[in-house]
1. Using the per-residue mean of other Cβ atoms lying within 10 Å as a proxy for protection, in what order, highest first, do the peptides 511-517, 469-475, 102-108, 378-384 fall?
2. Which of the aspartates and glutamates could a cross-linker bridge to Lys398, judged by Cα under 18 Å and excluding same-chain residues fewer than eight apart?
3. Averaged per residue, what accessible area in Å² does the stretch 346-459 show with a 1.4 Å probe, protein chains only?
4. Only sites in a loop by DSSP and with at most 12 other Cβ atoms within 10 Å count here; which trypsin sites (Lys or Arg not before Pro) in the stretch 249-336 make the cut?
5. Using 0.36 nm per residue of separation minus the Cα-Cα distance, give me the extension gain between Asn79 and Val556 in nm, one decimal.
6. Select from the stretch 514-573 those trypsin sites (Lys or Arg not before Pro) which occupy a DSSP coil region and have at most 14 other Cβ atoms within 10 Å, ordered by residue number.
7. Per-residue counts of other Cβ atoms within 10 Å, averaged by peptide: what ranking do you get for 37-44, 416-423, 338-345, highest first?
8. If you take the beta carbon distance between Ala208 and Ser367 as r and set R0 to 22 Å, what does 1/(1 + (r/R0)^6) give as a FRET efficiency, to the nearest 0.05?
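The values are calculated or read from the model by the stated rules, or taken from the named source; none is laboratory data. Keep in mind that what you see is a predicted model, and the values were worked out from it rather than measured. Positions of Cβ are generated from backbone atoms using ideal geometry, with glycine treated the same way; all protein chains shown enter the neighbour counts. Heavy atoms of the whole protein, side chains included, go into the accessibility calculation; ligands, DNA and RNA do not. Shrake-Rupley method; radii C 1.70, N 1.55, O 1.52, S 1.80 Å.
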Amino acid sequence: MISRKIIPLLGFSMVLLANCPSVSGQEKRYDVVIYGGTSAGVASAIQASRMGKSVVVIEPTHRLGGLTTGGLGQTDIGNKYVIGGISREFYQYIRAYYDDPANWKWQRRDEYIDEGQTRTDAGEDAMWTFEPSAALEVYRRMLAKEEVEVVYGEQLNRETGVDKEGNRIESIEMESGARYAAKMFIDATYEGDLMAAAGVSYRIGREANREYGETLNGVQANKISRTLNWTLSRNAYNHNFIDRVDPYVVKGDPQSGLLPYIAEGPPGVDGEGDDKIQAYCFRMTLTDHPDNRIPFKKPANYDERNYELLFRNYEAAPGPIEKMYPYGDKLVPWINSPMPNRKTDTNNQKGFSTDFVGQNHRYPEASYEERERIVQAHKDYQQGLMWTLAYHPRIPAKVRAAVSKWGTCKDEYGEGSGGWQQQLYIREARRMVGGYVMTQKNCERIDVVDDPVGMGAYGMDSHHIQRYVDVNGFVQNEGNVEAHVKYPYPISYRSIVPKETECGNLLVPVCVSATHIAFGSIRMEPVFMVLGQSAATAACQAIDEGVAVQDIDYAVLKNMLLKDKQILEIQIDE
């Protein structure tokens, strides 16, 4: 268990004046308790403070910001102009941070060119690419202006740690025994631990397409499928093996057994649901600057068999390796997006890459100890992968030359980290089943809600979920979906609150009520900040009105969100 510690921000403790919580024994009382210091949690805390409420953020690790400070510096959004409020403030702070010449250590400002999917336009007041350390510093600066208490290293007692009276949470208890009471609670974790412990309904895995009238949910083994609006979605076609990669320990011999990380049996029937979740990885922060680079190291428990599929994928290429794939990096299975100061946000791409496909299915419901083992297994796999690509003699020489010039960063993630973050990319875990379930129909604006608290705009996206042997006896990945979202769409307030019978004083801005494929569009860090701010606004309004979060006056909420520069709808010209 992580030890409990309150860490002051920027070298001083937050000062709580009018909003000071009452203390009774080991139990502290606040207006709003936020469990999870992710990007959504930080935005929630800032908003609650601005609305005059006493607020605490309880972060189970020792670092704020989740993925935003954990390597995801290439902002995924789809349409950055629907990002408003505190979320946009964050990106404006990022711009101000990099406007300071002192923050360009490893390259000049004019040498940096962002090449990712979300780029900063000339003259824009925000910036959309950044280093993890820059994001952490920006969050600290934003919080330093507010009256927010931050507690680090506290994990919820998931078995008996939620004290409810009827449909209301009275207090939550940590594994250390510390208790936090509040009028309102916000679960801003990627896992939905508070939500689940409070008895709120949720799902894990994929729904069958027929359940909500979708086409992109459930098993997706076909190369191509169609959206409800009849546009194409490249599913199993992308991020897969090239043709005829043998899955068996001894090539051509099923009796020899399967290579590591290949599931037994078929993937399932296309469009049918299951309990499997899309793959996780670490969004690596790499550099090629010799004075800041830590070369990739071979893990002590390295097993070459774990990368046999990688070797065979290169070896099966029918021609020059530069022509193996028609997209992305022509040599290396990664997306290596440039960040400032000669760093990167490095993500998964192609058939065998940083995603540890199929090895995270137990994570959402796992104990803390088992989760730590799963996270470590992901780190061991990814560290071994990078060493293999950089130095193993069975990797083509051109690939080794391209990868070995990179390494992790000496100046990221703290002393002793080796340049590796603690935060695993939890793309999906539990998803609440609330008063309204967002679906593919919402993402395609076939159904448009009338109670928006933010907007989604990214494509309907899922990474691969499992690896299997196809009917021809070769290895395939299954689960990838990449479907374009034509226009931004509103996200329902009812999708961030539970059913009133289950809990009347909890909001859930991360593990929102959405199907697997709709969540694949919503689950972006700037959107989580938007929903975090909206959740805190609703929580404070529910306190002021003396009602359950399901019973607040939405017209009042809408006016407040608009006043705080949230974007709730756009004009669409067909």
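1. 511-517, 378-384, 469-475, 102-108
2. Lys398 reaches Asp288, Glu315, Glu322, Asp329.
3. Accessible area per residue: 34 Å².
4. Values: sites: Lys251, Lys276, Arg283, Arg293, Lys297, Arg305, Arg312, Lys323, Lys330; in loops: Lys251, Lys276, Arg283, Lys297, Lys330.
Of the trypsin sites (Lys or Arg not before Pro), the ones in loops of the stretch 249-336 whose Cβ has at most 12 other Cβ atoms within 10 Å are Lys251.
5. Going from the current span to full extension adds 169.0 nm.
6. Numbers: sites: Arg523, Lys558, Lys563, Lys565; in loops: Arg523, Lys565.
Answer by residue number: Lys565.
7. Going by the mean number of other Cβ atoms within 10 Å, highest first, we get 37-44, 338-345, 416-423.
8. 0.15
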